[in-house]
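*Asks:* Here it is, the structure, as structure tokens.
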There are 2 protein chains.
Amino acid sequence: MSSLNPKQIDAIGVSDLPERLQDIIRRRDTVLGPGYQFSETIPVEFVSGFGAHLIDRDGNDYLDAFNNVQGVGHAHRHVADAVSRQIATVNTDTRYPQEALVAYAERLLATFPAELSKLSLPCTGSEANDLAIRVARFHTGGEGIIVTRWAFHGRTREVASFSPMLGAGSPLGPNVRLISAPDPRLCAPGQSLENYMRDQVRAAILDLERHGYRLAALIADSAFTSDGIFTHPMGFMQAMVDEVHAAGGVHIADEVQSGFAQLGDSMWGFSRHGVVPDIVTMGKAIGNGFPISGVAFRPEVSDEFGRKVSYFNTLGGRSLSIAAASAVLDVFEQENVRERVAVNGATLLAGLETLTRDSPYVAEIRGSGLYLGVEIIKDRGTPEPDPIRCESIIKNLRDRRVLISRTGSAGNVLKVRPPVAFTAADVSRFLETFGIVAKQRL
Amino acid sequence: MSSLNPKQIDAIGVSDLPERLQDIIRRRDTVLGPGYQFSETIPVEFVSGFGAHLIDRDGNDYLDAFNNVQGVGHAHRHVADAVSRQIATVNTDTRYPQEALVAYAERLLATFPAELSKLSLPCTGSEANDLAIRVARFHTGGEGIIVTRWAFHGRTREVASFSPMLGAGSPLGPNVRLISAPDPRLCAPGQSLENYMRDQVRAAILDLERHGYRLAALIADSAFTSDGIFTHPMGFMQAMVDEVHAAGGVHIADEVQSGFAQLGDSMWGFSRHGVVPDIVTMGKAIGNGFPISGVAFRPEVSDEFGRKVSYFNTLGGRSLSIAAASAVLDVFEQENVRERVAVNGATLLAGLETLTRDSPYVAEIRGSGLYLGVEIIKDRGTPEPDPIRCESIIKNLRDRRVLISRTGSAGNVLKVRPPVAFTAADVSRFLETFGIVAKQRL
């Protein structure tokens, strides 16, 4: 098994790559497993980075509009300095008193509505969602889980069982029900999106109960990113949450993708919908690439679990993780990240709309802040998904040293998801390059 | 709910602590949840560390014979430098080619028997065991899991379901069967430990099958540390594994506790038993406190999972994790860690045996390398566990600035588990202090 996707091998052949890369790929295929793969585009070896830029071994500067884990920027100096200082000093776990841990929890929780007043700190988004669902099951006594049709929430066994995006090889639980993402085009004539979503939740709850499962949780990515990025209209979620609460379940907002100002107009994606979740999970940008994640709870949901089960994560919330995560919050303040994302995101969106206005292949541009999706179809008249054209655009951008990806169940939504470090100059370069590719392909 | 254990509150009262600590504890109880607790002893705030030493805010030097996550030493300079360099350069994930990732995998796998030739790199021990069991279930098509009676393998929902040490609040799966740890005192007269363990595995498999569960895996800590540390005699495991294989299951060796030379005479605990597991999980010392973990597979067990399901961990195996983990292997070579552990562990064991030879309260001293257990009983004649005396010894050692803990289902086994950084001078200091406490309490 090669770590290149089969399609990549067909398209390029390992032997077309530089000798050094061929060597890495061969050795990698020998020792890594199971199922390590490269990013969709032809492999590039990056040796340094700054801001939203990655530099390859030949000194070429790639504009990174895909990797948002290093949200405040690749190799950000302030985060690097904080981690370097801490790792040379001490790195105790949460069983020892750490003033910095407490101060960080206070500071992070201050960005949430007051109801969310308890914080737990695992290491990965998967662990965050796994803990969230454990607590939800314990608190509700239910087992049923509702997610969207192409949701991805992580890869522990439990979380994989409600992550349909993982595909047919990874079984869904018998306690899991799927609803469609909030795509207004799916509403019946005259039906509001709110009613459409509420009816789906209600039907899922009834079906779960018919099969003997009481509801534990609705878990949803607040921007429905793996489903294809659905950010507008807002405001339909309270109706869904009301149904969930009426059935005894809790609402878990998965902010791994949509959190930390990625959507620009707020720190957290759920705020855009005017809801206050029962549990919120965080990952990615929280540590700027350092393995840390977070879960915020309403205490009435988590306290009994704390007393009767408890949770300890040896590697979560240690001094070193806290140094990284605190430095990230510093940068959010120092660099006015939220405002920058809102401004640059708006320019990026407007530019993309201008560049694709006359294209018969662009069905919609969606998104908010620095999380945008361009849905590619075969023809505006017959809205059939066109993943091939989508792939070709990604490849053409990559050849011009701009990195993006794609999303959605049909793989036909260009995913433009730069780190929140993206500057106005980065937006210009992106649009200029995208314009060249769009002229040829859109 | 206070983050002090109820017993701690009874014993000391928060108001007896320094004002600064009281403040941290109060604020911590307000913002952290669910179930954060302090280490068993009275909370101490450590502000720096080196080797096996932790320094508190007043400059007091504590000898750390408990925290072995920083295996090669607190704030080890070589690891700190490697992480500091990398975080200021670049930190890409495994979807990009990294020579250092491949080189690390080659180097780590070289410490295993040749059969274990594939490596995956999650972030925590829990994630490692979760992935191991996912692969085991997929490969075998079975669901049944056998663990020891007081096993701990982690805290994802799946892994918690076969971690009985978590207690009654955390339910075991209906597909989980418990066997007793390899305590030779449990054998019937004339029965070998090998037969005792084999019979237990056989009975567990039959009971699983009787309830409709085919076997997926036997997962065992190679030193049975949470059960009370059972390291001798060796050699009984192949008989267990043969039963597992005959039933179509796989053997997962959990080396989170026993790996990375903690047992002194070998890099991996399973080697002491002369078996080659199907899957090996690693954590703790692998990154010296940086969140990284590992899973080594026989390719015939993991390859189909790789093709049909695949596994990607956003935060696992990134450049930064690899920098930390590679530096740890450097130190193992530079400082001859394995030999040092063997020598210092032998001195420590001999010293403990001498100091407790005449005590009516010490039933047994067990262990290997730098993982030792002292079983405390009420009286040598009637071997009833004495967790109270055990606790009092831990507290007395702590008052003399030596940190240890305890283990076993009755909480009556002193756990002496220093980092592999422990020096000959550390052993002397430990034994001297232990001798003073033993005179009073043993």
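*Asks:* Rg(Cα) of region A:77-334 divided by 2.2 N^0.38 Å? Intermediate values should be presented prior to the final figure.
*Replies:* Values: Rg = 18.3 Å, N = 258, 2.2 N^0.38 = 18.1 Å.
Here the Cα radius of gyration is 1.01 times the empirical estimate.
*Asks:* Another question, if that's okay. Taking the dipole about the Cα centre of chain A, with the C-beta of Lys and Arg at +1 and of Asp and Glu at -1, give me whichever of A:Val201, A:Ser117, A:Leu17 is farthest to the positive side.
*Replies:* A:Leu17
*Asks:* Report, in debye and to the nearest 20, how large the dipole of region A:23-180 comes out about its Cα centre when Lys and Arg carry +1 and Asp and Glu carry -1 on their Cβ.
*Replies:* Details: 15 positive and 17 negative charges, 100 e Å.
Result for region A:23-180 is approximately 480 debye, rounded to the nearest 20.
*Asks:* If you stretched the chain out fully between A:Thr354 and A:Asp61, how much longer would it get, using 0.36 nm times the residue separation minus the C-alpha to C-alpha distance?
*Replies:* Values: separation 293, 0.36 × 293 = 105.48 nm, distance 2.60 nm.
Once the chain is fully extended between A:Thr354 and A:Asp61, it gains 102.9 nm.
*Asks:* Over region A:333-425, what is the relative contact order in percent, taking alpha-carbon pairs closer than 8 angstrom and at least six residues apart? Walk me through the intermediate numbers first.
*Replies:* Working: 135 pairs, mean separation 24.1, N = 93.
Contact order relative to length: 26 percent.
*Asks:* Ok, one more. Tell me, which residues of region B:278-326 get at least 30 Å² less accessible area when the other protein chains come in, versus the chain alone (1.4 Å probe)?
*Replies:* Buried by 30 Å² or more upon assembly, which counts only protein chains, are B:Gly289, B:Phe290, B:Pro291, B:Gly306, B:Val309, B:Ser310, B:Tyr311, B:Phe312, B:Leu315, B:Arg318.
*Asks:* Express the carbon and sulfur contribution to the solvent-accessible surface of region A:383-442 as a percent, rounded to the nearest whole number, probe 1.4 angstrom. If you can, show how the numbers build up before the last one.
*Replies:* Working: 1140 of 2300 Å².
Carbon and sulfur together cover 49 percent of it.
*Asks:* Carbon and sulfur: what percent of region B:77-334's accessible surface (1.4 Å probe)? Intermediate results must be reported in sequence, preceding the final value.
*Replies:* On the way: 3840 of 7550 Å².
The computed percentage sits at 51.
*Asks:* Using a Gaussian network model of chain B with C-alpha springs under 10 Å, which one of B:Pro97, B:Pro299, B:Pro171 is most mobile by mean-square fluctuation?
*Replies:* Comparing B:Pro97, B:Pro299, B:Pro171 in a Gaussian network model of chain B, the most mobile one is B:Pro97.
*Asks:* Mean-square fluctuation check for chain A, GNM, Cα pairs under 10 Å: which of A:Val420, A:Val362, A:Val341 is largest?
*Replies:* Taking springs between Cα atoms under 10 Å, the residue moving most is A:Val362.
*Asks:* Continuing with this model, one more query. As a test, work out the antiparallel percent of DSSP beta bridges whose residues both lie in the protein assembly as shown, rounded to the nearest 5.
*Replies:* Values: 58 of 94 bridges.
Roughly 60 percent of the beta bridges in the protein assembly as shown run antiparallel, per DSSP.
*Asks:* Please find the FRET efficiency linking B:Ile388 to B:His78, where r is the Cβ-Cβ separation and R0 is fixed at 35 Å, and quote it to the nearest 0.05.
*Replies:* On the way: r = 42 Å, r/R0 = 1.21.
It comes out at approximately 0.25.
*Asks:* For the protein assembly as shown, just say rounded, prolate or oblate: build the C-alpha gyration tensor, square-root its eigenvalues into a ≥ b ≥ c, call rounded for a/c under 1.5, and beyond that prolate if a/b exceeds b/c, oblate if not.
*Replies:* It comes out prolate by the Cα gyration axes.
*Asks:* Which value, in debye to the nearest 20, describes the size of the charge dipole of region B:286-406 about its Cα centre when Lys and Arg Cβ atoms bear +1, Asp and Glu Cβ atoms bear -1, and nothing else is charged? Could you put the intermediate results ahead of the total?
*Replies:* Details: 16 positive and 16 negative charges, 66 e Å.
The calculation lands at about 320 debye.
*Asks:* Once fully extended, how much extra length lies between B:Asp23 and B:Glu432, figured as 0.36 nm per residue of separation less the alpha-carbon to alpha-carbon distance? Write out the running numbers ahead of the final one.
*Replies:* Details: separation 409, 0.36 × 409 = 147.24 nm, distance 3.49 nm.
Additional length available on full extension: 143.8 nm.
*Asks:* Kindly sort B:His78, A:His232 by accessible area of their heavy atoms, largest first, with the probe set to 1.4 Å.
*Replies:* Numbers: B:His78 55, A:His232 95 Å².
Most to least solvent-accessible, the answer reads A:His232, B:His78.
*Asks:* Which entries of A:Lys118/A:Lys284; A:Lys378/A:Lys439; A:Lys118/A:Lys415; A:Lys308/B:Lys378 show an alpha-carbon separation above 23 angstrom in the structure shown? Could you put the intermediate results ahead of the total?
*Replies:* Numbers: A:Lys118/A:Lys284 20 Å; A:Lys378/A:Lys439 16 Å; A:Lys118/A:Lys415 33 Å; A:Lys308/B:Lys378 29 Å.
Going by Cα-Cα distance, A:Lys118/A:Lys415; A:Lys308/B:Lys378 fall outside the 23 Å limit.
*Asks:* For chain B, set up a Gaussian network in which alpha carbons nearer than 10 Å are linked by springs, and say which option among B:Gly33, B:Gly59, B:Gly283 fluctuates the most.
*Replies:* Answer for the Gaussian network model of chain B: B:Gly33.
*Asks:* Also, quick follow-up: Calculate, in nm to one decimal, what B:Ala246 and B:Arg210 gain on full extension: separation in residues at 0.36 nm each, minus their alpha carbon distance.
*Replies:* Working: separation 36, 0.36 × 36 = 12.96 nm, distance 1.63 nm.
My answer for the length gained is 11.3 nm.
*Asks:* Got a sec? Which residues of region A:112-148 lose 30 Å² or more of accessible surface with every protein chain in place, vs. that chain alone, 1.4 Å probe?
*Replies:* SASA drop of 30 Å² or more in region A:112-148: A:Lys118, A:Leu119, A:Thr124, A:Glu127, A:Asp130, A:Arg134, A:Arg137.
*Asks:* What shape does region B:194-323 have by the C-alpha gyration tensor, where a ≥ b ≥ c are the square roots of the eigenvalues, rounded means a/c under 1.5, and otherwise prolate means a/b greater than b/c and oblate the rest? Mind showing how you got there, number by number?
*Replies:* On the way: a/c = 2.35, a/b = 1.28, b/c = 1.83.
Since a/c reaches 1.5 but b/c is at least a/b, the shape of region B:194-323 is classed as oblate.
*Asks:* Chain B: longest stretch without exposed trypsin sites (Lys or Arg not before Pro) (DSSP loop, at most 12 other Cβ within 10 Å), sites themselves excluded? Working shown, then result.
*Replies:* Details: sites that count: B:Arg357, B:Arg380.
Maximal segment without exposed cleavage sites: B:1-356.
*Asks:* May I ask for the accessible area buried between chains A and B, both sides summed, probe 1.4 Å, to the nearest 100 Å²? Before the final figure, lay out each step's value.
*Replies:* Values: alone 18930 and 18950 Å², together 29590 Å².
For A against B, buried area totals roughly 8300 Å².
*Asks:* Over the protein assembly as shown, give the accessible area per residue in Å² for a 1.4 Å probe, as an integer.
*Replies:* Numbers: 29590 Å² over 884 residues.
Heavy-atom SASA per residue in the protein assembly as shown reads 33 Å².
*Asks:* If you don't mind, there's one more thing I want to ask. What size of dipole, in debye to the nearest 20, comes out for region B:124-259 about its Cα centre when the only charges are +1 on Lys and Arg C-beta atoms and -1 on Asp and Glu C-beta atoms?
*Replies:* With only Lys, Arg, Asp and Glu charged at Cβ, the dipole is about 280 debye.
*Asks:* When the Cα atoms of chain B are enclosed in a convex hull and the volume is divided per residue, what value in Å³ results?
*Replies:* Details: hull volume 67.5 nm³, N = 442.
Per-residue hull volume (Cα only) is 153 Å³.
*Asks:* Also, quick follow-up: Summing -39500 (n - 2.57) over the DSSP H runs of n ≥ 4 in the protein assembly as shown and dividing by its residue number, what mean residue ellipticity at 222 nm do you reach, to the nearest 500 deg cm²/dmol?
*Replies:* Working: 26 runs with 334 residues, N = 884.
Roughly -12000 deg cm²/dmol at 222 nm, from the helical runs in the protein assembly as shown.
*Asks:* Here's another thing I want to ask about it. May I ask you to list, by number, the DSSP H helices of chain A whose Cα span along the axis is at least 24 Å and whose average Kyte-Doolittle hydropathy reaches 0.0 or more?
*Replies:* On the way: long enough: A:193-210 (25 Å, -0.57); A:337-356 (28 Å, 0.54); A:424-441 (25 Å, 0.13).
Helices meeting the criterion: A:337-356, A:424-441.
The values are calculated or read from the model by the stated rules, or taken from the named source; none is laboratory data. What you are looking at is a predicted structure, and each value in this text was computed from that prediction instead of being measured. Cβ coordinates were reconstructed from backbone atoms using ideal geometry, including for glycine residues, and neighbour counts include every protein chain displayed. Each accessible area value is taken on the protein alone, full model and side chains, heavy atoms only, with ligands, DNA and RNA left out. Shrake-Rupley method; radii C 1.70, N 1.55, O 1.52, S 1.80 Å.
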